[in-house]
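Structure, as structure tokens:
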Amino acid sequence: MTLLTYEYQSITGISGPLIFVEGAAAGSLGEMVEVCLSTGEKRKGQILQMMEGLAVVQVLEGTSGIDTVSSKIILKGETAKIGVSLDMLGRFFNGHGEPADGISPIIPAARLEINGLPINPAARDKPAHFIQTGISTIDGLNTLVRGQKLPIFSGAGLPANEIAAQIVRQAKVAGGEKFSIVFGAMGITSREAFFFKNAFEESGAVERTVAFINMAEDPAIERLFTPRCALTAAEYLAFEKGHHVLVILTDMTSYCEALREIGSAREEIPGRRGYPGYMYTDLATIYERAGRIKGKEGSVTLIPILTMPDDDITHPIADLSGYITEGQIVLSRPLFRKGIYPPVDVLPSLSRLMNLGIGREKTRDYHRGAADQLYSAYAKSRDTRRLSAIIGEEGLTDMDKRYLKFADEFEKIFVGQGDADRSIDETLKLGWKILSILPSTELIRIREEFVEKYYTG
Amino acid sequence: MQTIKGAISGVSGSTVTVKGMDGARMHTVAFVGKDGLLGEIVRIHGEQVVLQVYEDTTGLSIGKEVVSCGKPLTVRLGPGLLSGVFDGIQRPLEALRLKSGAFIKKGVSLDVLLDKKWEFIPRVKKGDAVEPGDVVGIVRENQIIEHKIIVPPPSVSSPLNKGGIRGVVKEVRKGVIAGDEPVVILEDGSAISLYQEWPVRQPRPFKERLSPNAPFLTGQRIFDVLFPVAEGGTAIVPGGFGTGKTIVEQTLARYAKSDIIVYVGCGERGNEMTEILTDFPKLIDPSTGLPLILRTVLIVNTSNMPVAAREASIFIGATVAEYFRDMGYSVALMIDSISRWAEALREISSRMEEMPGEEGYPPYLATRLGNFYERAGKVKCLGNNNRTGSVTIISAVSPPGGDFSEPVTQASLRVAGALWALDTDLAYRRHFPAVDWNKSFSLYYNSLKDWFLKEVAEDAVLLRDCIMKMLEREGELKEIVQVIGLEALQDVDRLTMELGRIVKEVFLRQSVFNEADAFCTMEKQYWMMKCIIQFYNKAKDAIGKGVYLEKILASPVATRLMRMQDIPSNVFKQRAREIMREME
């Protein structure tokens, strides 16, 4: 520990959220700095790039009011860190980890780098435990397991937040285990913030929740820190304190926009739609922090929420997320318009780790087959629906008509459960009931013995 | 080679600019800062060089020392590779975990392959003449693989071994020996040890390239029958997210008939790697009855690990694959996914402020990709005893938005011999493998026809072509039905549609979770085709005689046809004969 502090009064340029400091040779990449304005105000910044004699600093709270004459920067000598301890539970923090609930700061048990370190793939433990969310389309068809990262792909105006709150309310892990929630919000409106506060309070989850909130009016650069603070807290709770942590990050779209802002301020060559070429890697450093570690009790399960601009699943934000995360829950506007809640469009939805959490001894041994059958039957019945729109119902065969009925019942009953909390048994029983609309010879994705045993048509 | 020392003058992401590096050589390694982070020189401008650094650069500052010894980036090859899991710069991850805990810290250096001693069984004696590629002895690395110790081939870019080692054996040692100790000493004093180093960016030499004439069997019907890849060929598997690229790669790693599997997880998910690491020791290779991990080498650089190492990882994989090829093994090199490699290349290129080509990728993307894919091949190995070995590359491609017109897919397509195009719509229906039979192709099919005629059956090619035609016709009819409805079709056409459905549902769809069907022998594949085509012909005859289509489809034979998948491979031929008899 050195007592020497480096101060530079040599800001030579300011551009968007960045300031350029000459001669800051003692600084290192990723180091935090304090920007002191002539008014006495202090802001946080971080060194993004070092060039011969020039450091590029991003300022968290924005660059308004900074000048090149009297403002100065002080090197903090360390990278971005937050203090963590069990006292964090029940508290609200701002987007870069300072208390935002008017109570005094926590006494940290450790100070951890918010960037974290990659988990050694050889140290990871395979996710294997089913989390019952009480939502049929998730439990039955896209099962969530501990240590998974499963985003919700939403659209403007679709109830992603409601679904996230419902998962928080209903999520069950085996009794007696320590369970907590870390909530990271980037650029959310005060209405959304109220909604989540209420939801946590109503479900009694507030004592086991840590929240990091960057509001829509807060500076965009701070959003780059919020998910990292949240995940650092989550890792601490999970791998030091043995908690099963459910992390909810909303809205990743605001995060990516902040990333783009920095990229263009740095005059980088933009990738698709102006987003930086390294966005995949950057998102991976967030999403990949979910998981389980051998020999540690806890787990980090991540549910990021993102808004697909114009409901476009090929938009870079959704696309790159989908390539990193282990599946996705996609919300559908047509279902929402029909008044079906939760409006999960099952066809594009997927859980890659589903097989690790289902089957004999976990859920049911026919679970995989039944889920596949529901999928293929629903896909087929959607085709039939399209066909019937063109040629009319008279042109349809009897089989086609049964498929049409299947689609309606599936959407109305299986998907549209409303606020109900369904156990996995109820979900699977319902699945059989709906499959039984079809003749048993159609159910070739399920093994014959199970069809004989459970088919009720 | 003398050491050159310089000082950092700039840091941006994974690239570091260094001054005072007069005399540094392109594509050699350098150690950066007090942690000695590993980097590679990728550009030289006078005394200033640019390094791509393989570890996290956070914390580096101006003026810190950089040291280069003029060695290229090499990989260490020898016993101990199998069952191992390494990161993008060949650090053993298990040893790293024991040394530095569950999270990867930077600046940790580890000795590779030196932690164990091996029993060396010599195959040469004093006075024998040896030249590059000759087998001097073997190490029984595990129950499956006999690790051949070969005289290192000459390497142009490595100062270690320019002309290659050749001469007369002076001394042979046997017994338990560590990797770096000599096992054979030649009269000129040069020593051959259990391990050798090889520069990753340079393909290992061989005698000659052989034309691919045998298929790389995967046990997956759509690949083996419809779009086969030859041993020593390349296949690419592009698909949007969720179409099952990783499942295809992993299924092939499990079931493909190959002596060695080198699996490179390039910029993908950590949990997937964990799945391989935990499953492969338990999964049994059907042909040997021993765990799959014994024939597998894993190179892992997950998406959150340093970007530059991701760029290097596929070359490490290729070098390891070629090393086993040189022993005379057939090797499958699985890359998941090449797009992440290309993105790493793009990121480094953009940090160096190079002029971008299409979609920001550097203009040399296609050249580099071509160089990489050309490391596949079936070859006659160096050395005196005639060995042939092969490297087959199966590479996943992740096109943004599932749009195949993007540069990485297009550049891959120009060099790949087989395309297995994955389709989002099929994946949505949970039809796996979600291979689009209309878009996919295999350029090897014609040269493999002879093999099918000889090894499978005389009518194998004919049946395959029938299946393809049926799929084609079904596609046409489907478009017609969209307009006029199914009822308006003639019975024969409806039959074709139904059979098309059976081909898709029963023959092309193959579930990795169905034990009886996850691996399908060539025999079962052939008899399945035969049953389907025979049913089609018999049904057509019956319709001609005035039997209603509904009656044919409701017959018990049709149901048995639909359930054909569940019959295990070993009894399939017999059961298929029963089904066919029933059709009569």
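Residues of the stretch B:476-517 that are over 28 Å from the mean Cα position of the chain (by Cα), open to solvent by 30 Å² or more (accessible area, probe 1.4 Å) and either within 9 Å of another protein chain (Cβ to nearest Cβ) or under 28 Å from B:I247 (Cβ atoms) (or both): B:K478, B:Q482, B:V483, B:I484, B:L486, B:E487, B:A488, B:R501. For the stretch B:9-29, the tally of residues that are open to solvent by 10 Å² or more (accessible area, probe 1.4 Å) and either away from chain A (no Cβ under 14 Å) or outside any strand (DSSP E or B) (or both) stands at 10.
Listed residues B:G107, B:G80; which is over 30 Å from A:F239 (Cα atoms), small (G, A, S) and not assigned by TED's automatic domain parsing to the domain that holds B:A309?
Values: B:G107 fails: over 30 Å from A:F239 (Cα atoms).
Just one listed residue meets the conditions, B:G80.
Of the residues making up the stretch A:116-128, those that are open to solvent by 10 Å² or more (accessible area, probe 1.4 Å) and out of contact with any Leu (no Cβ under 7 Å at 6 or more places or on another chain) number 3. Here B:E353 passes the criteria (1) over 17 Å from the mean Cα position of the chain (by Cα); (2) at pLDDT 90 or above except the one numbered (2).
Any residue at all in the stretch A:432-441 that's touching a residue at least 40 places away in the same chain (Cβ under 8 Å), open to solvent by 10 Å² or more (accessible area, probe 1.4 Å), within 12 Å of chain B (Cβ to nearest Cβ) and in contact with a helix residue (DSSP H, G or I) (Cβ under 9 Å, 6 or more places away or on another chain)? Yes, there is a match, as at least one residue in the stretch A:432-441 is touching a residue at least 40 places away in the same chain (Cβ under 8 Å), open to solvent by 10 Å² or more (accessible area, probe 1.4 Å), within 12 Å of chain B (Cβ to nearest Cβ) and in contact with a helix residue (DSSP H, G or I) (Cβ under 9 Å, 6 or more places away or on another chain). Within the stretch A:25-37, being open to solvent by 30 Å² or more (accessible area, probe 1.4 Å) and either at pLDDT 90 or above or outside any loop (DSSP other than H, G, I, E, B) (or both) holds for one residue alone: A:E34.
For the structure I just gave you, tell me whether B:P79 is in contact (Cβ under 8 Å) with a residue 12 or more places away in the chain, open to solvent by less than 30 Å² (accessible area, probe 1.4 Å), within 14 Å of chain A (Cβ to nearest Cβ) and farther than 18 Å from B:G10 by Cβ. Reasoning before the result, please.
Working: in contact (Cβ under 8 Å) with a residue 12 or more places away in the chain: yes; open to solvent by less than 30 Å² (accessible area, probe 1.4 Å): yes; within 14 Å of chain A (Cβ to nearest Cβ): no; farther than 18 Å from B:G10 by Cβ: yes.
It is false that B:P79 is in contact (Cβ under 8 Å) with a residue 12 or more places away in the chain, open to solvent by less than 30 Å² (accessible area, probe 1.4 Å), within 14 Å of chain A (Cβ to nearest Cβ) and farther than 18 Å from B:G10 by Cβ.
Give me the residue from the stretch B:37-54 that is outside any strand (DSSP E or B) and either surrounded by 17 or more Cβ atoms within 10 Å (Cβ to Cβ) or of a type in the set (D, E) (or both) and, out of that set, farthest from the chain's Cα centre (by Cα). It would help to see each step written out before you state the result.
Start the filter on the stretch B:37-54 by keeping residues that are outside any strand (DSSP E or B), which leaves B:46-47, B:54.
Now restrict to residues that are either surrounded by 17 or more Cβ atoms within 10 Å (Cβ to Cβ) or of a type in the set (D, E) (or both): B:47, B:54.
Details: B:E47: 39, B:Y54: 23 Å.
Result: B:E47.
Summed over the stretch B:305-335, residues that are surrounded by 24 or more Cβ atoms within 10 Å (Cβ to Cβ) and over 19 Å from B:V112 (Cα atoms) total 12.
Scanning the stretch A:91-111 for residues that are part of a strand (DSSP E or B) and either out of contact with any helix residue (DSSP H, G or I) (no Cβ under 8 Å at 6 or more places or on another chain) or surrounded by 18 or more Cβ atoms within 10 Å (Cβ to Cβ) (or both) gives A:F92, A:F93, A:N94, A:P99, A:R111. The residue list A:S376, A:S388, A:S381 contains one member that is out of contact with any helix residue (DSSP H, G or I) (no Cβ under 7 Å at 6 or more places or on another chain), of a type in the set (S, T, N, Q) and part of a helix (DSSP H, G or I), which is A:S376.
Scanning the stretch A:129-164 for residues that are open to solvent by 10 Å² or more (accessible area, probe 1.4 Å) and among the small types (G, A, S) yields A:A156, A:G157. Among the residues of the stretch B:281-293, the one identified as closer than 15 Å to B:E141 by Cα and surrounded by fewer than 18 Cβ atoms within 10 Å (Cβ to Cβ) is B:L290.
Restricting A:T226, A:T189, A:T281 to residues that are open to solvent by less than 30 Å² (accessible area, probe 1.4 Å), hydroxyl-bearing (S, T, Y) and more than 14 Å from chain B (Cβ to nearest Cβ) narrows the list to A:T226.
For the stretch A:47-77, name all the residues that are within 21 Å of B:S14 (Cβ to Cβ) and more than 10 Å from chain B (Cβ to nearest Cβ).
Taking the stretch A:47-77 and keeping what is within 21 Å of B:S14 (Cβ to Cβ), we get A:47-52, A:54-58.
Scanning the stretch A:47-77 gives A:V57, A:Q58.
In the stretch A:11-24, the qualifying residues are those that are small (G, A, S) and within 14 Å of another protein chain (Cβ to nearest Cβ), and the one that is most open to solvent (accessible area, probe 1.4 Å) is A:G23.
With the condition kept exactly as written, say whether any residue in the stretch A:350-371 is under 18 Å from A:A164 (Cα atoms), open to solvent by less than 10 Å² (accessible area, probe 1.4 Å) and part of a loop (DSSP other than H, G, I, E, B). No, the stretch A:350-371 contains no residue that is under 18 Å from A:A164 (Cα atoms), open to solvent by less than 10 Å² (accessible area, probe 1.4 Å) and part of a loop (DSSP other than H, G, I, E, B). Being more than 9 Å from chain B (Cβ to nearest Cβ), among the hydroxyl-bearing types (S, T, Y) and under 18 Å from the mean Cα position of the chain (by Cα) holds for only one residue in A:T301, A:T314, and it is A:T301.
Summed over the stretch B:423-439, the residues that are more than 9 Å from chain A (Cβ to nearest Cβ) and either open to solvent by less than 10 Å² (accessible area, probe 1.4 Å) or without any contact (Cβ under 8 Å) to a residue 40 or more places away in the chain (or both) give a count of 5.
Determine if the stretch B:556-563 includes at least one residue that is buried (at least 16 other Cβ atoms within 10 Å of the Cβ), modelled with pLDDT of 85 or more and either more than 19 Å from B:E498 (Cα to Cα) or of a type in the set (F, W, Y) (or both). There is no residue in the stretch B:556-563 that is buried (at least 16 other Cβ atoms within 10 Å of the Cβ), modelled with pLDDT of 85 or more and either more than 19 Å from B:E498 (Cα to Cα) or of a type in the set (F, W, Y) (or both).
The set of residues from the stretch B:248-273 being within 11 Å of chain A (Cβ to nearest Cβ) and either more than 20 Å from B:F432 (Cα to Cα) or out of contact with any Lys or Arg (no Cβ under 9 Å at 6 or more places or on another chain) (or both) comprises B:G265, B:G267, B:E268, B:R269, B:G270, B:N271, B:M273. Being closer than 29 Å to B:A214 by Cβ, open to solvent by 10 Å² or more (accessible area, probe 1.4 Å) and of a type in the set (S, T, Y) is a property that B:S447 has.
Conditions (1) open to solvent by less than 10 Å² (accessible area, probe 1.4 Å); (2) at pLDDT 95 or above; (3) of a type in the set (F, W, Y); (4) touching a helix residue (DSSP H, G or I) at 6+ places or on another chain (Cβ under 8 Å), marked per residue:
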site	(1), (2), (3), (4)
B:S190	no, no, no, no
B:W198	yes, no, yes, yes
B:F216	yes, yes, yes, no
B:F227	yes, yes, yes, yes
B:I236	yes, yes, no, yes
B:T246	no, no, no, yes
B:R254	no, no, no, yes
B:G265	yes, no, no, yes
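Of the candidates B:E343, B:E359, the single residue that is among the acidic types (D, E) and on the phi > 0 side of the Ramachandran plot is B:E359.
Looking only at the stretch B:336-361, how many residues end up being surrounded by fewer than 21 Cβ atoms within 10 Å (Cβ to Cβ) and touching a helix residue (DSSP H, G or I) at 6+ places or on another chain (Cβ under 6 Å)? Selection size over the stretch B:336-361: 3.
The values are calculated or read from the model by the stated rules, or taken from the named source; none is laboratory data. This structure is a prediction, so every number in the text was calculated from the model and none was measured. Glycine also receives a Cβ, built like all others from the backbone with ideal geometry; neighbour counts cover every protein chain displayed. These accessible areas exclude ligands, DNA and RNA; they are computed on the full protein's heavy atoms, side chains included. Shrake-Rupley method; radii C 1.70, N 1.55, O 1.52, S 1.80 Å.
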